[in-house]
Every structure is written in C-alpha cells, then in structure tokens.
Amino acid sequence: MSREPLIAPSLLSADFARLGEEAQRVADADWLHFDVMDAHFVPNLTFGLPVMAALQKVSPVPLDCHLMIEDPGRWAPGYAEAGARNVTIHAEATADPRAVARDIRAAGALAGLAIKPGTPLEDHLDVLRDFDTLLVMSVEPGFGGQSFIADVLTKVATARRLVDAGDMTLLVEIDGGINADTIEQAAEAGVDMFVAGSAVYGAEDPGTAIAALRAQAAAAMRG
C-alpha cells in the first residue's frame, strides 16, 4: 500500500512572539505540531490550552498537540474540545492510556500515544489499538534542536509491520532531529508523519523546506 509523507512543522522552533504569523508561514504543511510542556514531566515550560485555543482559530493547518505533561487525563480532553486534530499523551505519564484515549476521541480529536527513546514499544502494543497515532520520540522530550537518535527506528519498523499486516490502524509519527539528513532513513523505516522544527522554521522559506522534505521522504518510501 502506497503511503504519502505528511509534514508537521514544530512551533517549538518558531518565533513565540508571532505564533499566528508563524502558523501562516507553514500553510503548505499537513499538521502543525504544538508542544505542551509543564516543567514537571519534562524540564521545560512552553504553551498551554489558552494559547492553543487562540492559535487554532487562525491556523491554516490542523493542530497536532503533543502533551509532555503529568496527569494527561485531566488536561487532554480540553485540547480536543478546543479543536485540535490530534492530541498525543505520553505512555510514561499515565496508568490508564486507554481511558485517556477514549476521552480524547469522545471530545472530537484523534488520540495519540507517545513513547520516549528509552521506552520499549513492546510494553504498549496491547493499548495501541485504542489509538490513532503513535509518536516515536527520536530525541529526549523537553527541548528542540537535539540530535536524532537512530536506534528508535527499530520501534518504527515494528509498528509499520503491524499496521501493514492489518493488526492495527495507526499513523506512525516521529519527532526529534528530523531534517534533510535524517528524513530518508525515518521514511524507509516506516514513518508516515514527520515533525520538523528547525529544518522548517530555520529555513529562509518554510514552504520550500516543507516541499523538499516531503519530496525526500516520498522518494525514500518508493525506494
């Protein structure tokens, strides 16, 4: 089955003082990745629900909310209610991911499960059928601009095999260090959705950067 690569620029690399304009600069993207950090689950603090709700009203592309927070069951449905297309929680942050996924979907969004680089995929395979997206972190969550951890691609390949075999319906997403040097190997391993921060927002023309990344990934998928 042929796959089309999807590109989700990360606002973590955008100008925080001009988020509305920064969203417009990536109108050719598929999703816009919105990193929520609480300074507890990860050692950084970024955006929250009021900012997401405001941005959602002006963004030309759907918002992909990645919640790097403790107690996601309390907060995740609010992001769905505010209009996010996809709301991803961390497997390491909740004891009952199925219940949170149910609440996210009931509130109108797709539900995603994220796993850190050191978290085995096998520990969470039984709950993945309750999710719409799997976000494989290829850096330690918390800060942008980190180097790509290639070892996580074994998890991507496992997820791809299960999806292709019909065991589950899942969009496989990767986040961390994705750029012109790493996107091809991620695509070959089986990624559908590529989160790219500085590779898009650090470019002179984000639209051109998105097109170039998409073309690279598509060629790798066909190859």
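Only one entry in Ile89, Ile69, Ile7 is out of contact with any Ser or Thr (no Cβ under 7 Å at 6 or more places or on another chain), under 14 Å from Val200 (Cβ atoms) and at pLDDT 95 or above, namely Ile7.
From Val163, Val200, grab the single residue that is among the aliphatic types (A, V, I, L, M) and touching a strand residue (DSSP E or B) at 6+ places or on another chain (Cβ under 6 Å).
Only one candidate qualifies: Val200.
Does the range 156-179 contain any residue that is touching a residue at least 60 places away in the same chain (Cβ under 8 Å) and over 26 Å from Pro77 (Cα atoms)? Scanning the range 156-179 turns up at least one residue that is touching a residue at least 60 places away in the same chain (Cβ under 8 Å) and over 26 Å from Pro77 (Cα atoms).
The residue of the range 92-144 that is modelled with the highest pLDDT, among those that are surrounded by fewer than 21 Cβ atoms within 10 Å (Cβ to Cβ), of a type in the set (Gly, Ala, Ser) and within 15 Å of the chain's Cα centre (by Cα), is Gly142. For Glu184, the conditions (1) assigned to a loop (DSSP other than H, G, I, E, B); (2) closer than 24 Å to Ala27 by Cα; (3) of a type outside the set (S, T, N, Q) are fulfilled apart from (1).
Among residues of the range 151-168 being modelled with pLDDT of 95 or more and either touching a Leu at 6+ places or on another chain (Cβ under 7 Å) or among the aromatic types (Phe, Trp, Tyr) (or both), the one that is farthest from Ala186 (Cα to Cα) is Val163.
The values are calculated or read from the model by the stated rules, or taken from the named source; none is laboratory data. Remember, it's a predicted structure, so these values are computed and weren't measured experimentally. Neighbour counts are summed over all protein chains in view; Cβ atoms, including those assigned to glycine, are modelled from backbone coordinates with ideal geometry.
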